[in-house]
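This report concerns only the one structure given below.
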Amino acid sequence: QAAAAAAGEEAGGFAVIPVGGRTNVTSATQCPGRAEDPRPFVALDMRGLSKVLWVNAEDGVAHIEAGITGVALKKALAKHGVTMGMEPDSMEFSTLGGWIATRASGMKRARYGNIEEMIVETRVATPTGLLWQRNGGATSSSSCPGTAFGRVSAGPALPGLVLGSEGCLGVVTSAVVRVKPLPEVVEYQSVVFQDWAAGAAWMREVARLPAAVRPASCRLMDSKQLGLSRAIREGSGGHGPVRAALQGIALRLRGVSLGEASAATLLFEGSRAEVAVQKRLLAQLVSRMGGVWGGASSGEAGYALTFAIAYLRDFGLDYRILSESLETMAPWSAIGKVWPAVVAAVRAEHRALRLPGQPFLSCRMTQLYDEGGVLYMYLAVSTAGLGTERALEAFERLEHAARRAVLAAGGCLSHHHGVGKLRAELLKDSQSPELIAALRGLKSTMDPGNVLAARNGAWAAAALSSTVSNTGEQEPPAPAKE
């Protein structure tokens with residue numbers, strides 16, 4: 001069925017956009033305007049492909065259909081005693097296929113890797129046919145369990161073609177992924193620091209540890225998110241006001257003011273021996289860097305806060321508050337400049353737009369690499385008194401101001417959200433025109449009729465227009481309406 005839909009040009013002259021959990025924040029599933037493409041568009045809902053086809057725990061691989069959501073996948077694999085370890089903020093709704101299409105990352109990357117490190121094989125439906133590479137058994141039976149080779153040297157790998165393709169090259173129908181045994185130990189913890197600078201310095205030291213002894217998740221919240229987390233817990237009955245007040249007094253006695261503090265939420269996973277080593281090394285850093293242990297319950301609440309933020313965004317719409325997140329990876333040599341640059345740029349643009357009130361800006365550090373860290377930034381503004389079109393235009397200007405500030409300060413265009421249409425015009429600053437032209441050539445072979453016409457990333461109109469003056473090529477017109 002996916003192959004038939006992908007061949008929509010021959011079947012009836014329509015265009016196709018594959019959709020999964022609808023959690024993207026880059027306008028990736030938005031249909032191009034009629035001026036760009038007059039054809040009718042069909043949304044190909046992938047959530048019907050939601051089965052775990054087979055699991056080979058001995059070889060550490062599983063074959064899974066691409067429409068399964070993160071929560072369903074976690075539960076299904078747990079029945080086999082294994083986990084993929086992929087837990088993005090959106091895992092309640094986002095799908096395996098969406099993770100592949102956007103080159104996603106999860107909160108437990110330190111232990112399980114990013115999506116590109118988890119994928120062994122993919123099956124892809126295109127208008128010209130099905131694409132596959134069989135590095136192992138494609139089917140499973142009692143006599144011949146499905147499996148896959150962890151690595152081969154037999155030319156370019158198919159997963160590399162579709163990772164980050166955002167629905168423009170083919171429809172990912174299934175994938176063979178790496179799985180690991182369920183951890184023997186799962187423990188949460190938290191550490192409070194005097195301010196953001198102290199917490200960020202501690203995170204840098206954690207990143208210097210060998211990857212094998214870092215926690216599965218280590219995320220630093222600024223004072224605004226720390227306050228939000230505490231408010232949610234108190235509102236839900238997690239901690240009463242008396243206990244919260246006592247905690248605040250205890251922290252002040254240690255020189256920490258909650259109004260300025262930052263907090264790291266930690267998740268340890270693995271064998272008892274692994275977790276013991278990780279906790280011992282982290283404790284040494286906490287002591288040396290002046291941190292204060294915040295407790296396991298605070299760590300678990302901070303981890304869960306990530307899943308609640310999307311609901312807070314939707315709640316704010318009822319009060320004319322627009323909000324969104326943007327993320328970047330920045331080298332350690334530049335990361336300290338990125339967030340101040342974003343704050344300054346957004347405040348300046350907010351003043352220029354004469355929007356009501358003040359912008360809400362908050363940041364957390366979510367991933368640690370040898371080369372740098374990932375900043376996950378939140379922006380919210382009041383649009384009271386503005387018409388819908390004016391409010392959306394103003395918010396887009398603020399988001400672009402923030403993104404340009406990120407790039408100017410040394411951050412990347414996106415760490416795991418992708419490009420979509422929203423950020424496509426900025427691709428010219430990070431990719432050569434020749435590369436974008438090469439990607440267009442790849443699409444012309446895989447999808448000559450431009451059936452998969454979402455126009456995201458390198459295939460978006462904004463990105464394509466940036467190559468015209470440099471390569472002399474013109475964007476191919478959409479098929480004429482009959």
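The values are calculated or read from the model by the stated rules, or taken from the named source; none is laboratory data. Everything numeric in this text was worked out from a predicted model, so none of it was measured. All Cβ positions, even for glycine, are placed from backbone atoms using ideal geometry, and neighbour counts span all protein chains on display. Each accessible area value is taken on the protein alone, full model and side chains, heavy atoms only, with ligands, DNA and RNA left out. Shrake-Rupley method; radii C 1.70, N 1.55, O 1.52, S 1.80 Å.
Per the conditions (1) modelled with pLDDT of 95 or more; (2) farther than 27 Å from M365 by Cβ; (3) assigned to a loop (DSSP other than H, G, I, E, B), the sole criterion not satisfied by G97 is (3). Of all the criteria given as (1) open to solvent by less than 10 Å² (accessible area, probe 1.4 Å); (2) assigned to a loop (DSSP other than H, G, I, E, B), the one not satisfied by S90 is (1). Restricting I115, I100, I119, I64 to residues that are within 12 Å of the chain's Cα centre (by Cα) and farther than 23 Å from L305 by Cα narrows the list to I100.
The set of residues in the range 93-104 being surrounded by 24 or more Cβ atoms within 10 Å (Cβ to Cβ) and not hydrophobic (A, V, I, L, M, F, W, C) consists of T95, G97, G98, T102. Is it the case that R230 is charged (D, E, K, R), under 19 Å from Y378 (Cβ atoms) and not in a helix (DSSP H, G or I)? Against the criterion (charged (D, E, K, R), under 19 Å from Y378 (Cβ atoms) and not in a helix (DSSP H, G or I)), R230 does not qualify.
Before we move on, is L426 within 21 Å of the chain's Cα centre (by Cα), in contact (Cβ under 8 Å) with a residue 12 or more places away in the chain and not in a loop (DSSP other than H, G, I, E, B)? It would help to see each step written out before you state the result.
Values: within 21 Å of the chain's Cα centre (by Cα): yes; in contact (Cβ under 8 Å) with a residue 12 or more places away in the chain: yes; not in a loop (DSSP other than H, G, I, E, B): yes.
Yes; evaluated as a whole, the condition is true for this residue.
V381 fulfils the conditions (1) touching a Leu at 6+ places or on another chain (Cβ under 9 Å); (2) among the β-branched types (V, I, T); (3) open to solvent by 70 Å² or more (accessible area, probe 1.4 Å) except for a single criterion, (3). Considering only residues in the range 197-229 that are under 20 Å from E300 (Cα atoms) and open to solvent by 40 Å² or more (accessible area, probe 1.4 Å), the one that is modelled with the highest pLDDT turns out to be K224. Does H417 count as in contact with a Leu (Cβ under 9 Å, 6 or more places away or on another chain) and surrounded by fewer than 19 Cβ atoms within 10 Å (Cβ to Cβ)? No, not satisfied.
Can you say whether S362 is farther than 30 Å from G164 by Cα and touching a residue at least 40 places away in the same chain (Cβ under 8 Å), as far as the supplied structure shows? For S362, the condition - farther than 30 Å from G164 by Cα and touching a residue at least 40 places away in the same chain (Cβ under 8 Å) - is not met.
The C-beta contact set for the range 172-190 (first residue aromatic (F, W, Y), second residue surrounded by fewer than 22 Cβ atoms within 10 Å (Cβ to Cβ), distance under 6 angstrom, 6+ apart or interchain) comprises Y188/A296; Y188/E300. Would you confirm whether or not the range 435-456 contains a residue that is out of contact with any His (no Cβ under 9 Å at 6 or more places or on another chain), in contact (Cβ under 8 Å) with a residue 40 or more places away in the chain, part of a helix (DSSP H, G or I) and not aliphatic (A, V, I, L, M)? Yes; the residues of the range 435-456 include at least one that is out of contact with any His (no Cβ under 9 Å at 6 or more places or on another chain), in contact (Cβ under 8 Å) with a residue 40 or more places away in the chain, part of a helix (DSSP H, G or I) and not aliphatic (A, V, I, L, M).
When L258 is tested against (1) aliphatic (A, V, I, L, M); (2) crowded, with 16+ Cβ neighbours inside 10 Å; (3) at pLDDT 90 or above, only condition (3) is not met. Under the condition of being within 16 Å of the chain's Cα centre (by Cα) and outside any strand (DSSP E or B), which residue from the range 306-339 is nearest to R364 (Cα to Cα)? By that ranking, first place goes to T306. Among all positions in the range 313-333, there is at least one residue which is touching a residue at least 24 places away in the same chain (Cβ under 8 Å), open to solvent by 50 Å² or more (accessible area, probe 1.4 Å), among the hydroxyl-bearing types (S, T, Y) and closer than 22 Å to A198 by Cβ.
When the range 1-56 is filtered for residues that are open to solvent by less than 30 Å² (accessible area, probe 1.4 Å), small (G, A, S) and modelled with pLDDT of 90 or more, the ones remaining, listed by number, are A15, G20, G21, A28.
Quick check on A438: is it of a type in the set (G, A, S), more than 22 Å from the chain's Cα centre (by Cα), open to solvent by 30 Å² or more (accessible area, probe 1.4 Å) and closer than 30 Å to Y319 by Cβ? So A438 fails the test.
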